1. I'm told residue 503 meets every condition in (1) in the same structural domain as residue 389 (by TED's automatic domain parsing); (2) crowded, with 17+ Cβ neighbours inside 10 Å; (3) out of contact with any strand residue (DSSP E or B) (no Cβ under 7 Å at 6 or more places or on another chain); (4) assigned to a loop (DSSP other than H, G, I, E, B) except one. Can you identify the failing condition by its number?
2. Can you tell me which of (1) within 22 Å of the chain's Cα centre (by Cα); (2) in contact (Cβ under 8 Å) with a residue 60 or more places away in the chain; (3) within 25 Å of residue 141 (Cβ to Cβ) is the one residue 277 doesn't meet?
3. Any idea which of 369, 341 is modelled with pLDDT of 90 or more, more than 30 Å from residue 204 (Cα to Cα) and surrounded by 17 or more Cβ atoms within 10 Å (Cβ to Cβ)?
4. Return the only residue of 189, 236 being crowded, with 17+ Cβ neighbours inside 10 Å and closer than 21 Å to residue 295 by Cβ.
5. Output the number of the condition that residue 267 fails; it satisfies all remaining conditions of (1) under 20 Å from residue 62 (Cα atoms); (2) within 21 Å of the chain's Cα centre (by Cα).
6. Would you point out which residue out of 607, 591, 599 is surrounded by 15 or more Cβ atoms within 10 Å (Cβ to Cβ), over 44 Å from the mean Cα position of the chain (by Cα), modelled with pLDDT of 90 or more and in the same structural domain as residue 531 (by TED's automatic domain parsing)?
7. Being outside any strand (DSSP E or B) and free of Cβ contacts under 8 Å to residues at least 60 places away in the same chain is the filter here; which residues of region 70-95 pass it?
8. For residue 98, are the conditions met, namely being surrounded by fewer than 24 Cβ atoms within 10 Å (Cβ to Cβ) and either over 30 Å from the mean Cα position of the chain (by Cα) or touching a residue at least 12 places away in the same chain (Cβ under 8 Å) (or both)?
């Protein structure tokens, strides 16, 4: 219309819809309706900002390539010196890579094979080589979590041995015709500051093109997999004659990130690699490719050593009960049965900046273990449930919850040692969280499995546990503690400090009992250090000492830092009055609250309580006997400070033990 600018044209989609593999996975996960039209986000060329991103921001790009057996591998494209600028983008449909490959790099194998099948005229590869020329790449800027994907076909490959510094067979220029491009989710990327590292010395440690039946991955390969926090995933969709027009074959590249250890290897066969699937954009492109082809390639790099591990093989996506039979309490996983692998040492020409830290994604959930792993079996209590029976509210955000144990007749007894923690699953009570793509204010809620761990604050040694107490603080925004404290908020404030019967049906599965931060049966000579609610394991230990009687002796020095000295003293009170005189206890309570507590009722010939204003000062640690074992429980900052101060006064490292803060 005259006087008005032309409207921005609607981008033309790069695909005609979700292919059968993608729709199958979307349907299994219940996403099909929500994402039915989202395929239009995939465009047929790069946007200008994405062209600039790939050519100006990246020091390496993972790229999918396909070997002679039709298996996808996740290769690594990088320049000879690891610097930004090894990619050119002459137009929005084309990316030109100047790469140096090393022996064992899958990209090099494919480029050598394609060299004889390409022409300098740009007419493309021969039709029979077209599938081998399919590729896809993922640009990740690790310092900012920005990432973008592209897919297309390698249409020209030229050996680049004539350039200065080039090496015959190592340097190539490849031209990629881009026909799919899309922005991607940054949610699980662990941030790093990467610098060029041109002086590499690649050494082939392992190269097994086809593993024999029953063959296992070497121990050092398994170690590299199970300590990684990032994996690049190469995939492929192979069309059939009936679907080729609507859904042509194409490659895919993606990344998965998590906490170190989130990738597992099945001990039973030593070659099946398991990756948990976390909540994402619900496109399911990588999983859809795997569903359709049954193949995948995983690549893991060490950003500190430059080692690169490549895996390929048969792959499957498991959802629901079949997934949970393999990975404890996780309902969607990808399993790669490795059929080929290569490990190259000191290959990546990029390294993490010395002295810099890895920024963990706040969205990454805790590591889940495989059912067959010892970590998953430790303290397993599948025969028990816990029902909330009563509670005592101590303050706005602090309460003691008492649970009754519901056991199957044939189940083994539930045993909890003083100081151990219990793992409870509240999924049946609360239900799964509603889908959210991002949640800046509460990133942990995205993959919340409703499983929580608390230290048990009551003692139950040498007996079948029929009930237990949890002294817990409400977490701001916490789904489980919030729901539990909501029950208490419906009770009158006048009921505070007294047991309140709970009529709500709050039942959880008891996943297991964990921890070796326990009271021993030997003579006790310890320093306990607690910060706030970190008192909970020591409450159980005091309770156990009171029950043991005069048959036990020892010396305990207890340093407690708290904002609620009166409440903490009250929690300890019952046990302190019953601890035998054969156990000497000196309790130092440090608080910044202006409060005067009457501690005389607890002071005896063997028990002494002292109140100190302020934090635990450096001088206090000098009073610690060097022969004491030290047990610390509290927030990370508090625990770190305590450890540093104890080391400074000469307490040996082997004497210091820390408990996970639940």
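1. (2)
2. Against the list (1) within 22 Å of the chain's Cα centre (by Cα); (2) in contact (Cβ under 8 Å) with a residue 60 or more places away in the chain; (3) within 25 Å of residue 141 (Cβ to Cβ), residue 277 comes up short only on (2).
3. 369
4. Result of the check over 189, 236: 236.
5. So the condition that residue 267 fails would be (1).
6. On the way: 591 fails: over 44 Å from the mean Cα position of the chain (by Cα); 599 fails: modelled with pLDDT of 90 or more.
Within the list 607, 591, 599, the selection yields 607.
7. Going through region 70-95, the residues outside any strand (DSSP E or B) turn out to be 70-71, 79-86, 92-93.
Selection gives 84, 85, 86.
8. yes
The values are calculated or read from the model by the stated rules, or taken from the named source; none is laboratory data. Please read these numbers as outputs of a predicted model, since none were measured by experiment. With ideal geometry, Cβ positions are generated from the backbone for all residues, glycine too; neighbour counts draw on all protein chains shown.
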